[in-house]
Every structure is written in structure tokens, then in C-alpha cells.
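Nothing in this text is a laboratory measurement; each read-out follows from the coordinates by a stated rule. Everything numeric here is computed off the predicted structure, so don't read it as measured data. Cβ atoms come from the backbone with ideal geometry, glycine included; neighbour counts cover every protein chain shown.
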Amino acid sequence: MKTLQDLFEHQLKDLYSAETQLIEALPKMAKTAKDKKLKKAFEDHLEETKTHKKRLEEVCDEIGIKPTGEECKAMKGLIKEAEDFIKEDADDDVKDAGLIAEAQRVEHYEISGYGTVIRYAKELGHDKVVKILVKTLDEEYKADEDLNEMAENRLNEEAI
């Protein structure tokens, strides 16, 4: 990598890998969740994640690159942690509270990644790309807020 454009492209491919991996992981989290609202939140975020992946394809097409070629090791690790947690022998309420914690780690990683590529896109003058990526960042923030609300207003209390 020699330029900010090179780094930008690398980060986009990393996010594409992250979203692809998450599409595989979210159904397992939804299946494990016992709380109906949490299960629905995971199912809804799966559909959003599919849209995020399509947006990344659109962004990569706009700048003339293929979105593949990177493996997001961070997402791989976050998903492994979530899968290990799913195997834990825990009370249903505790399991749901833990699933939220695992999901929020993923959301925070994505928020960081999208924030970074948006900053690079702005600096590189990719105005159309910025608009596309901001939609996804806003949805990632909303998903995190929804999980936080579920945890604070009900599920953590039930786990106590």
C-alpha cells in the first residue's frame, strides 16, 4: 500500500469480508436467543447486513475494484467468541444478555470500520461513496442502540 486510496480499498474489502462472515453468524445467534424481541432483532439485522454487503459491492463498483480478496480476521475472532459463548451452559436469560454483549462487540467493530472508510472517502473526494456508506453507519449505530435498550430496559434485569 502506497496511498490513502490503497488503504481505503483495503479497508472496504475488509468490511466486505466482515459483513459476509456476519451473514453466516447471525442466524446462529437468532436461533440461540430465547427472547422473542432479541431473536427478531437478530433476524432483522441479518436482512440489514445483506443490504450492507450489497452497498459495499456498489461502492466497490463505483471506485472500480472487486470487493473480495481480504479476510477480516477481527470479525472472524469476534464470531468465534460468540460461537464459544453460545456453547456455554447458561440460563436462558443470562444467555440472552450475553448474546447482546457479543453482538454489541460486533456492532462497535463495524461502527469503527465504517467511520474510518467514510473519513477516507471524504478525504479522497468520493462524495457519492460517502452518502452510501453513511446510510450503513447510521444503521449500525441504530442496531447498537436497539441492543443497548433491550439490555438496559429488560434483559439484563431478567438475567439478575
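General observations
- Ile63 vs. criteria within 21 Å of Leu7 (Cβ to Cβ) and among the aliphatic types (A, V, I, L, M): yes
- Condition broken by Ala74, with the remaining ones in (1) within 18 Å of Gln21 (Cβ to Cβ); (2) touching a His at 6+ places or on another chain (Cβ under 7 Å) satisfied: (2)
- Here Glu70 passes the criteria (1) among the charged types (D, E, K, R); (2) surrounded by fewer than 16 Cβ atoms within 10 Å (Cβ to Cβ); (3) under 17 Å from Lys13 (Cα atoms) except the one numbered (2).
- Selected residue [among the β-branched types (Val, Ile, Thr), in contact (Cβ under 8 Å) with a residue 24 or more places away in the chain and assigned to a loop (DSSP other than H, G, I, E, B)] from Ile100, Ile23, Ile65, Ile79: Ile65
- When residues of region 30-45 are limited to those that are of a type outside the set (D, E, K, R) and assigned to a helix (DSSP H, G or I), the one surrounded by the fewest Cβ atoms within 10 Å (Cβ to Cβ): Ala30
- When the test is whether a residue is in contact with a helix residue (DSSP H, G or I) (Cβ under 7 Å, 6 or more places away or on another chain), among the basic types (Lys, Arg) and either surrounded by 14 or more Cβ atoms within 10 Å (Cβ to Cβ) or under 20 Å from Ser112 (Cβ atoms) (or both), Lys53 passes it.
- Listed conditions (1) assigned to a helix (DSSP H, G or I); (2) farther than 30 Å from Arg154 by Cα; (3) acidic (Asp, Glu) are all met by Glu70, apart from (1).
- Selection from region 133-151 of residues that are within 12 Å of Val59 (Cβ to Cβ), surrounded by fewer than 19 Cβ atoms within 10 Å (Cβ to Cβ) and not basic (Lys, Arg): Val134
- Yes/no for Arg55 being touching a residue at least 60 places away in the same chain (Cβ under 8 Å), among the basic types (Lys, Arg) and within 24 Å of Lys135 (Cα to Cα): yes
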